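The values are calculated or read from the model by the stated rules, or taken from the named source; none is laboratory data. Just so it is clear, the structure is predicted and the values come from calculations on it, not from any experiment. All Cβ positions, even for glycine, are placed from backbone atoms using ideal geometry, and neighbour counts span all protein chains on display.
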Amino acid sequence: MIPAERQSHILRLLAGRPAIGIGELTQTLNVSHMTVRRDLAHLARSGRVVPVSGGVRLADPVLSQEAPHHAKAALHRDIKLALGARAAATVPPGAALYLDAGTTMLAVADALTGRDDLTIVTNDFVVLERLAARTRAVIHHTGGLLDRENRSAIGEGAARAIGAFRLDIAFISSSSFGARGLSVTDPGKGQVKEAAVANATAAILVADSSKFGRRAPYASLPLAAFSRVITDGGLPAEACRAVEACGPRLDIVEPGAQR
């Protein structure tokens with residue numbers, strides 16, 4: 001079989017199955033491990049499969065919309081706390097930061113409690129409230145079009161407001177990312193993320209491993225836009241290699257780990 005035929009056959013084998021191991025694929029296709037890995041790498045780059053330990057699974061269906069804030073807040077709490085602590089540990093004294101929208105960014109905000117030396121810009125109303133209650137840092141909200149479900153501001157107005165700042169670090173969240181970069185359910189969300197990264201000296205993606213391999217309809221930032229990706233140990237080895245091949249430093253955090 002030529003590569004395109006093998007890759008189509010792999011996708012058919014995955015239909016209705018949670019995952020397939022590399023060993024099984026080499027036997028079924030009667031090819032070497034190297035050939036299978038090349039085929040899987042091509043399918044992963046195209047967003048059709050996601051690496052898992054020892055094999056692959058089909059990529060999740062395209063997300064048409066994100067879960068509301070209250071639903072996301074209940075997911076992966078320990079992991080988010082660990083990610084937030086690691087992100088906060090990268091912040092130097094007196095820095096100007098952008099905190100993106102989302103419950104992972106809320107964990108970053110919690111980890112910055114007591115950092116009264118910072119200037120923080122955010123488009124998230126819950127992050128704004130948390131920071132206002134727990135720190136004396138200088139805080140700016142972007143304003144913009146209201147995203148009720150995620151309790152944040154999006155769109156051109158928010159992006160334009162970010163352009164008034166010169167940021168040291170932009171902390172970006174994502175509900176869906178892969179080797180091809182971030183994707184978003186609304187172009188207005190992408191506008192805000194892209195403006196923050198464009199106006200920052202460094203950009204750091206903070207997202208738990210469950211977000212890898214998920215896709216949304218609109219392309220946003222490439223992974224090459226980030227100097228670092230902070231995630232957890234659930235990211236499979238193949239996915240780790242895919243992230244690092246794009247340029248960012250991969251920073252793996254485990255719940256309960258010391259900073």
(message) Return the residues of the stretch 216-231 that are buried (at least 22 other Cβ atoms within 10 Å of the Cβ) and in contact (Cβ under 8 Å) with a residue 60 or more places away in the chain; say none if nothing qualifies.
(response) A216, I230, T231
(message) I'd like to check something: does the stretch 187-194 contain any residue that is within 20 Å of L83 (Cα to Cα) and more than 13 Å from the chain's Cα centre (by Cα)?
(response) no
(request) Report whether or not D100 is under 19 Å from S152 (Cα atoms), surrounded by fewer than 23 Cβ atoms within 10 Å (Cβ to Cβ) and at pLDDT 95 or above. (result) no
(request) For the stretch 242-251, indicate whether the set of residues that are within 21 Å of S46 (Cα to Cα), over 15 Å from the mean Cα position of the chain (by Cα) and touching a residue at least 60 places away in the same chain (Cβ under 8 Å) is non-empty. (result) yes
(request) For the stretch 121-150, enumerate the residues that are touching a strand residue (DSSP E or B) at 6+ places or on another chain (Cβ under 7 Å) and of a type outside the set (A, V, I, L, M). (result) T122, N123, D124, F125, H140, H141, T142, G143, G144, D147
(request) Mind listing whichever residues of the stretch 240-259 are over 26 Å from A198 (Cα atoms) and not basic (K, R)? (result) V253, E254, P255, G256, A257, Q258
(message) When the residues of the stretch 122-167 are narrowed to those that are assigned to a strand (DSSP E or B) and in contact with a Phe, Trp or Tyr (Cβ under 9 Å, 6 or more places away or on another chain), which ends up surrounded by the fewest Cβ atoms within 10 Å (Cβ to Cβ)?
(response) L146
(request) Report, by residue number, each residue of the stretch 179-198 that is touching a helix residue (DSSP H, G or I) at 6+ places or on another chain (Cβ under 8 Å) and more than 12 Å from L221 (Cβ to Cβ). (result) A179, G188
(request) Report yes if A132 is farther than 17 Å from K193 by Cβ and under 18 Å from the mean Cα position of the chain (by Cα), otherwise no. (result) no
(request) Check off (1) of a type in the set (G, A, S); (2) surrounded by fewer than 18 Cβ atoms within 10 Å (Cβ to Cβ); (3) under 12 Å from the mean Cα position of the chain (by Cα) for G234 and give me the number that stays unchecked. (result) (3)
(message) Just the residues that are touching a Ser or Thr at 6+ places or on another chain (Cβ under 7 Å) and either part of a helix (DSSP H, G or I) or over 20 Å from E149 (Cα atoms) (or both), please, taken from the stretch 102-120.
(response) T104, M105, L112, T113, G114, R115, D116
